[in-house]
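Heads up: the structure comes next, in structure tokens.
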Amino acid sequence: MMNHKNSMEIDFYPFDFEYKVKEDKTYLHIYAKLKDNKKICVIHEFKPYFYVKINDIDTQELAKRLKNFEIETTKDIPKIVSWEETEKELLGKNQKLWKVKVNYPRAVSIISKELSSWGLDCYDTDILFIHSYLRDNKILPMTLVKAEGKFQENYDDGHNNGELKIPAFIADKIEQVNTESMVRIKYLAVDIECYSKHKEILPEQNPILMIGFYGIDETGNVFKKVLTWKDYTDLDYVEKLKDEKEMLLRFKEIINEYQPEIITGYFSDGFDFPYIRIRADKFNVKLDLGLDGSELITSGKADRNIGSSKIKGIVHIDIFKFIRYIFGKNLKTDSYSLDAVASEILGSKKHEVDLSLLAPAWDNNSKELEKFAEYNLQDAKLTLELCEKLMPDIIEFSKIVGLPIFDLIRMRFSKLVESYILKRAIEYNVLAPNKPGKAEIEQRFEETYQGGFVYEPTPGMYKDIIVFDFKSLYPTIITAHNIGPESLKCDCCEEDIVPEKEEYWFCTKKKAFLPVVLENLILRRSEVKKLIKEKKGEVKSLEARSYALKILANSFYGYMGFFGARWYCLECARSTTAYARDYIKKTIDQAIKKGFKVIYADTDSCFLLLGDKKREEAFAFMYEINLDLPGQMELEYEGQYPRGIFVAAKGSDKGAKKKYALIDQEGRMKITGFETVRRNWSLLAKEVQKKVLGLVLNDKIEESLNYVRETIKELNSGKVELDKLIIKTQITKELSAYSSIGPHVAVALKMEDKGIKIVPGMVVQYIITKGTGLIREKAKLPEEVKEYDANYYLNNQLLPSVSSIFLVLGYKEEDLLNEGKQEGLSKFF
């Protein structure tokens, strides 16, 4: 280990963060990588703090009370270290404050609670200590940082974990150098296969049979291994151990030797690592995987969807959570399964095996176990490739929001937005409002606001449709009209009222904090898009940055109306949608005055028929609209479509909102609102509907009729593959909370009877079988089904998926059920 007596400078890339309290002082432990790929732990002291408002307070008396402050605790006595006066803006008003520093992070909560009981207003009492450190020191994870200090041998953090496994650097000073990202990353993916006869998850009873590893180091070298404890294969990457305990010890040894910066899994927060931890505890195997000698930390939460697993000094990325919470909006798939996500993002799939055969194969020591080892390794490989592929997006989010990757990937959009605002608040000397209490949240739950305007379509087939969209409508409205809690109902601009909301207005003279922060996001994205277009810089990282900026900007509006937001402002959310309705209505009126026929409009988009007009006239209309738009607001061309179909709402002759299909000049379809994009419809219904839409949009009406009739014949004769009849439905709450039992709940209850853990968010798959009884009684797990109920799938899946389409063309359901021809509306133009 290095030893330098004199102070020196080092450049490093921080990737993981922890803090330790030692001798009444708090130290950040920043796990980092040098440019030569060696790891170090940079240790830097930082004092936790919070703010106390001192407006109209006798500060001399307060100072006496703080000097004599004592509070009884059983452990770790909280102390006030110091305080200093400062001034910050809170919701548009300047406030005098004391910044109160304490001895350790949890003391913030204890001491501020006591001061609040004195009648004092305290702020920043629930900001996570590491987040506060990064924001105050302007440190961005995974980027180049400089520190002054010296290396120290045999550093003792005072927590009895043992010696650090990497050199310790005690920093006197630390500062950001630039935003250059750490590009050479060492990854390791982990995946386990467990003994299970009925898909049950019982880690206390059932052993782990295989642990798959797939790693890539900084130079691109691949590491692959499957640990197991039976001799069934000669595959070179399979390593056989004596028993499960020895396998767990080898698991620990591999991670400690490989020392990746990133360890990844697919739902590893909720499954792999908690399962490994429970099995290791059973055999008294100490999983001291942390670079500080600490053990694997797994959540004790009952809901596996919200728990987390952590290894100190190694960033654990549950790539499933990043995809589900943040990146998923970018995907077409209706499932977040590893197979579906890998297929779309990577073009690769899992190996096909029947996991129900793993337990019997294990019991019989079958040669079949070899294919399960291959399956295990492939899962680890896909997981790693997903993590590596999405790493630019993760890093860009981390840099923009300024939070550790471990925390970032587990956040929902509201938390991401708030974290970004908190980061910018420091730059603008703004004090964050406190989080709402339980009573306030309950009150906010009762408050509502009207959404965007929808111009109802007339069902029919149309040709020569041109579509215009307002670019980033809600974000640009917020910035153009200075919508924020600080500017609401100012004393100087009462005449500039919000459309439909005479009781609301916003300041036109002084820019408010939130609109300024949002405008900066919009401008930054415009600059990034320009660089992408000009191909200046690494396009992959620029595209990732553009996506991160877009997601954050588009989430601001929802954040202000979110019940848990610090900067909650229902008036702001209501005003934003009111302006949006006003702009789209004005656009529709202007289009009609110009002689265009408007067939549909929804929130931020407007669909016009060209008719006898030329494309250039439509663009001239767009330019004219843009001349009158304020700020960054802009109507832009979305596309031209030779044909489009709008269908009627169910049980009505009125047009369905947000349900249409268009085909562009290259033959690509844009489908909105149809069952092809919904999870709880069978693959059969989706395939038939998509095929029919494609045929009718290409003016092949007769062919579409024949196709549906042939499919009905196949269905009735029992020839449709069972896989195409699987219905997937999500369990949205605890099973005991369901008042009515639908087929998905009935199947979930049966699964639970078999010992399979059912949690909210889980997707249940089932097929409706042939026989008598209620639908829920006929719903079975796919592996239990031999014959399906053709009548059910005909009347509840296939016909409903296409009947509204054919109704537009003049055909009723009975026309689809026989060979007889009807004239229909083949001349629909």
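The values are calculated or read from the model by the stated rules, or taken from the named source; none is laboratory data. Note that the structure is predicted; figures quoted are calculated from it, not measured. Ideal geometry is used to build each Cβ from the backbone, glycine not excepted, and the neighbour counts take in all protein chains shown.
State the number of residues belonging to the stretch 91-108 that are closer than 28 Å to E175 by Cα, surrounded by fewer than 21 Cβ atoms within 10 Å (Cβ to Cβ) and within 33 Å of the chain's Cα centre (by Cα). The total comes to 2.
Residues in the stretch 740-757 that are under 23 Å from Y336 (Cα atoms), part of a loop (DSSP other than H, G, I, E, B) and among the β-branched types (V, I, T): I756 only.
Against the definition (of a type in the set (F, W, Y), crowded, with 17+ Cβ neighbours inside 10 Å, part of a helix (DSSP H, G or I) and touching a helix residue (DSSP H, G or I) at 6+ places or on another chain (Cβ under 9 Å)), how does F251 come out, yes or no? Against the criterion (of a type in the set (F, W, Y), crowded, with 17+ Cβ neighbours inside 10 Å, part of a helix (DSSP H, G or I) and touching a helix residue (DSSP H, G or I) at 6+ places or on another chain (Cβ under 9 Å)), F251 qualifies.
In the stretch 171-228, the residue that is surrounded by the most Cβ atoms within 10 Å (Cβ to Cβ) out of those that are closer than 29 Å to F15 by Cβ and of a type in the set (S, T, Y) is Y214.
For the stretch 616-635, which positions are in contact (Cβ under 8 Å) with a residue 24 or more places away in the chain, within 26 Å of T508 (Cα to Cα) and not polar (S, T, N, Q)? Walk me through it before giving the result.
Kept after step one, since they are in contact (Cβ under 8 Å) with a residue 24 or more places away in the chain, are these residues of the stretch 616-635: 618, 621-622, 624-625, 629-635.
Still in the running and within 26 Å of T508 (Cα to Cα): 624-625, 629-635.
E624, I625, L629, P630, G631, M633, E634, L635, listed by residue number.
Of all residues in the stretch 14-39, those that are of a type outside the set (D, E, K, R) have Cβ atoms under 6 Å from Cβ atoms of residues that are modelled with pLDDT of 95 or more and exposed (fewer than 14 other Cβ atoms within 10 Å of the Cβ), 6 or more apart or on another chain, in Y27/E45. May I ask you to verify whether G651 is surrounded by fewer than 15 Cβ atoms within 10 Å (Cβ to Cβ) and either in contact with a helix residue (DSSP H, G or I) (Cβ under 6 Å, 6 or more places away or on another chain) or in a loop (DSSP other than H, G, I, E, B) (or both)? It is true that G651 is surrounded by fewer than 15 Cβ atoms within 10 Å (Cβ to Cβ) and either in contact with a helix residue (DSSP H, G or I) (Cβ under 6 Å, 6 or more places away or on another chain) or in a loop (DSSP other than H, G, I, E, B) (or both).
Among all residues of the stretch 80-91, there is at least one that is aliphatic (A, V, I, L, M) and outside any strand (DSSP E or B).
Looking at (1) surrounded by fewer than 21 Cβ atoms within 10 Å (Cβ to Cβ); (2) hydrophobic (A, V, I, L, M, F, W, C); (3) not in a loop (DSSP other than H, G, I, E, B), can you tell me which one V353 breaks? It is condition (3) that V353 fails.
Return the total of residues in the stretch 254-290 being within 26 Å of M182 (Cα to Cα) and either of a type outside the set (S, T, N, Q) or not in a helix (DSSP H, G or I) (or both).
Count: 16.
For K510, are the conditions met, namely being out of contact with any Asp or Glu (no Cβ under 8 Å at 6 or more places or on another chain), modelled with pLDDT under 95 and either under 20 Å from D582 (Cα atoms) or not in a helix (DSSP H, G or I) (or both)? So K510 fits the description; yes. Among (1) under 37 Å from the mean Cα position of the chain (by Cα); (2) without any contact (Cβ under 8 Å) to a residue 24 or more places away in the chain; (3) assigned to a strand (DSSP E or B), where does K113 come up short? In the conditions (1) under 37 Å from the mean Cα position of the chain (by Cα); (2) without any contact (Cβ under 8 Å) to a residue 24 or more places away in the chain; (3) assigned to a strand (DSSP E or B), K113 misses (3) alone.
Restricted to the stretch 22-65, and to residues that are closer than 18 Å to E175 by Cα and of a type in the set (F, W, Y), which residue is nearest to the chain's Cα centre (by Cα)?
Our first condition is that a residue be closer than 18 Å to E175 by Cα; within the stretch 22-65, this holds for 27-35, 40-47.
Among the residues that remain, those that are also of a type in the set (F, W, Y) are: 27, 31, 46.
On the way: Y27: 31, Y31: 25, F46: 31 Å.
The selected residue is Y31.
Against the condition modelled with pLDDT of 90 or more, of a type in the set (K, R) and within 30 Å of Q689 (Cα to Cα), how does K597 come out, does it pass? Yes, satisfied.
Among helices (runs of 4 or more DSSP H) entirely within the stretch 758-829, having at least 3 residues that are modelled with pLDDT of 90 or more and hydrophobic (A, V, I, L, M, F, W, C) singles out 799-808.
In the stretch 750-783, how many are over 34 Å from the mean Cα position of the chain (by Cα), surrounded by fewer than 16 Cβ atoms within 10 Å (Cβ to Cβ) and within 21 Å of V720 (Cα to Cα)? Break it down stepwise before answering.
Going through the stretch 750-783, the residues over 34 Å from the mean Cα position of the chain (by Cα) turn out to be 769-775, 777-778.
Filter again for surrounded by fewer than 16 Cβ atoms within 10 Å (Cβ to Cβ), leaving 770-775, 777.
With within 21 Å of V720 (Cα to Cα) added as a condition, the list becomes 770-772, 775.
Going through the stretch 750-783 one residue at a time, the tally reaches 4.
Among the residues making up the stretch 589-636, those that are part of a loop (DSSP other than H, G, I, E, B), charged (D, E, K, R) and in contact with a helix residue (DSSP H, G or I) (Cβ under 8 Å, 6 or more places away or on another chain) are K594, D604, E634.
Would you mind stating whether T125 is under 26 Å from T383 (Cα atoms), among the β-branched types (V, I, T) and not assigned by TED's automatic domain parsing to the domain that holds K371? Considered against the rule, which asks whether it is under 26 Å from T383 (Cα atoms), among the β-branched types (V, I, T) and not assigned by TED's automatic domain parsing to the domain that holds K371, T125 comes out as no. Could you tell me whether any residue of the stretch 26-33 is in a loop (DSSP other than H, G, I, E, B), in the same structural domain as I174 (by TED's automatic domain parsing) and not acidic (D, E)? No, that holds for no residue. If you go through the stretch 728-749 and keep only what is of a type in the set (S, T, N, Q) and surrounded by 15 or more Cβ atoms within 10 Å (Cβ to Cβ), you end up with just T729. Only residues that are in contact with a helix residue (DSSP H, G or I) (Cβ under 8 Å, 6 or more places away or on another chain), more than 18 Å from K252 (Cβ to Cβ) and of a type in the set (V, I, T) were counted in the stretch 181-230, giving 3. The residue of the stretch 519-551 that is nearest to F397 (Cα to Cα), among those that are of a type in the set (D, E, K, R) and under 20 Å from the mean Cα position of the chain (by Cα), is R545.
Evaluated against (1) modelled with pLDDT under 95; (2) within 32 Å of the chain's Cα centre (by Cα); (3) surrounded by 13 or more Cβ atoms within 10 Å (Cβ to Cβ), R668 falls short on exactly one condition, (3).
State yes or no: is K415 in a helix (DSSP H, G or I), without any contact (Cβ under 8 Å) to a residue 40 or more places away in the chain and within 30 Å of Y123 (Cα to Cα)? Yes: the conditions hold for K415. Among the conditions (1) assigned to a helix (DSSP H, G or I); (2) of a type in the set (S, T, N, Q); (3) in contact (Cβ under 8 Å) with a residue 60 or more places away in the chain, N434 misses just one, which is (1).
With respect to the conditions (1) closer than 17 Å to K786 by Cβ; (2) β-branched (V, I, T); (3) outside any helix (DSSP H, G or I), T729 lacks only one, and its number is (1). Considering the stretch 482-505, and only residues there that are in a strand (DSSP E or B) and out of contact with any helix residue (DSSP H, G or I) (no Cβ under 7 Å at 6 or more places or on another chain), the residue that is surrounded by the most Cβ atoms within 10 Å (Cβ to Cβ) turns out to be W505.
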